[in-house]
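Here is the structure we will look at.
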Amino acid sequence: MNKTRNIYFTSDHHFGHENIIKFTNRPFGSVEDMDQELIKRWNSRVNKHDKVYHLGDFGLCKAERMRDILEQLNGHIFLIRGNHEGAALANPNRFEWIKDYFELNVNDEEAPNGKQKIILLHYAMRVWRSSFRGTWHLYGHSHGSLTDDPTMNSFDVGVDCHDFYPITYEEVKAIMSKKIWEPPFKNE
């Protein structure tokens, strides 16, 4: 059985944040429509046993509204803090953990040494721990405004970049496989 099938990544839902619709030109008529569609798309991919690494900016709303939204979402949610987390932080029991930064190791037989290391942070970085060894970096915050660099093993997992769905580890792996990254320190 493929154990990577139940791992998802996402960011920047901004539940309850009415102005994000115009700021990022989201195709929703109201914040209520946006929230319901984001919940629907999340749950269409994620089941109750899946792991979801959310890389920040979960929502900008009252704590009670966030609790109602969190109760509707499937999966075990791990939150990397972004800059809009007040309502999420008021509901810490819904998260497996809340951190500023995390180094995730995914068991993957096709990865070097059978593990793929992934650096999770809300913000994009140009370099990160072990980036020169093929470690991946996933981020959010930029809502697709940063041009993807095909020579770097990093990209934006925010909902604005992925049709408002969380993406699977396998989808991340497929995107990374198209990168033209090469180790900077080759043995010659």
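No value in this document is a laboratory result; all are computed from the given coordinates. Please read these numbers as outputs of a predicted model, since none were measured by experiment. Glycine gets a Cβ as well: all are built from the backbone with ideal geometry, and neighbour counts include every protein chain shown.
Length available on full extension from Phe132 to Thr147: 0.36 nm per residue minus the Cα-Cα distance, which gives 3.4 nm. When +1 charges are put on Lys and Arg Cβ atoms and -1 charges on Asp and Glu Cβ atoms, the dipole computed for the range 31-167 relative to its Cα centre reaches about 480 debye. With Cα atoms as the point set, the radius of gyration and Dmax of the range 27-78 evaluate to 11.2, 32 Å.
Taking the C-alpha atoms only, the angle from helix 63-72 to the longest principal axis of the chain is near 60 degrees.
Please report, in debye to the nearest 20, how large the charge dipole of the range 127-172 is about its Cα centre when each Lys and Arg carries +1 at its beta carbon and each Asp and Glu carries -1 there.
On the way: 2 positive and 7 negative charges, 70 e Å.
It works out to roughly 340 debye.
Extension gain for Lys179 to Asn113 (0.36 nm times residue separation, less C-alpha to C-alpha distance): 21.8 nm. Scalar couplings 3J(HN,Hα) for the range 87-103, obtained by applying the Karplus form with A = 6.51, B = -1.76, C = 1.60 to θ = phi - 60°, are 5, 5, 5, 6, 10, x, 5, 7, 9, 5, 7, 10, 9, 7, 7, 8, 10 Hz; x denotes Gly and Pro. Let's test the formula: R0 of 35 Å, r as the Cβ-Cβ distance of Asn93 and Tyr123. What FRET efficiency results, to the nearest 0.05? Plugging the Cβ-Cβ distance into 1/(1 + (r/R0)^6) gives 0.85. 3J(HN,Hα) along the range 107-123, derived from phi through the Karplus expression 6.51 cos²θ - 1.76 cosθ + 1.60 where θ = phi - 60°, amounts to 5, 8, 4, 7, 7, x, 6, x, 9, 10, 8, 10, 8, 10, 8, 4, 9 Hz, with x in place of Gly and Pro. Computed 3J(HN,Hα) for the range 163-180, one whole-Hz value per residue from the Karplus formula 6.51 cos²θ - 1.76 cosθ + 1.60 where θ = phi - 60°, is 6, 6, 10, x, 10, 7, 4, 4, 5, 4, 4, 5, 5, 5, 5, 8, 5, 10, glycine and proline marked x.
Would you mind checking Lys99/Lys179; Lys117/Lys179; Lys51/Lys173; Lys40/Lys178; Lys117/Lys178 for any pair whose Cα atoms are more than 21 angstrom apart? Correct reply: Lys99/Lys179; Lys40/Lys178.
Kindly list the residues of the range 35-62 that lie in the label zone of Gln72, defined by a backbone N under 11 Å from the point 7 Å along the Cα-to-C-beta vector. Within reach of a label on Gln72: 35-43. The distance linking the range 1-64 with the range 102-144 is 21 Å (Cα centroid to Cα centroid, whole angstrom). When +1 charges are put on Lys and Arg Cβ atoms and -1 charges on Asp and Glu Cβ atoms, the dipole computed for the range 1-97 relative to its Cα centre reaches about 400 debye. Between the entries (1) 133; (2) 113; (3) 144, the label attached to volume of the Cα convex hull per residue in Å³ calculated for this structure is (2).
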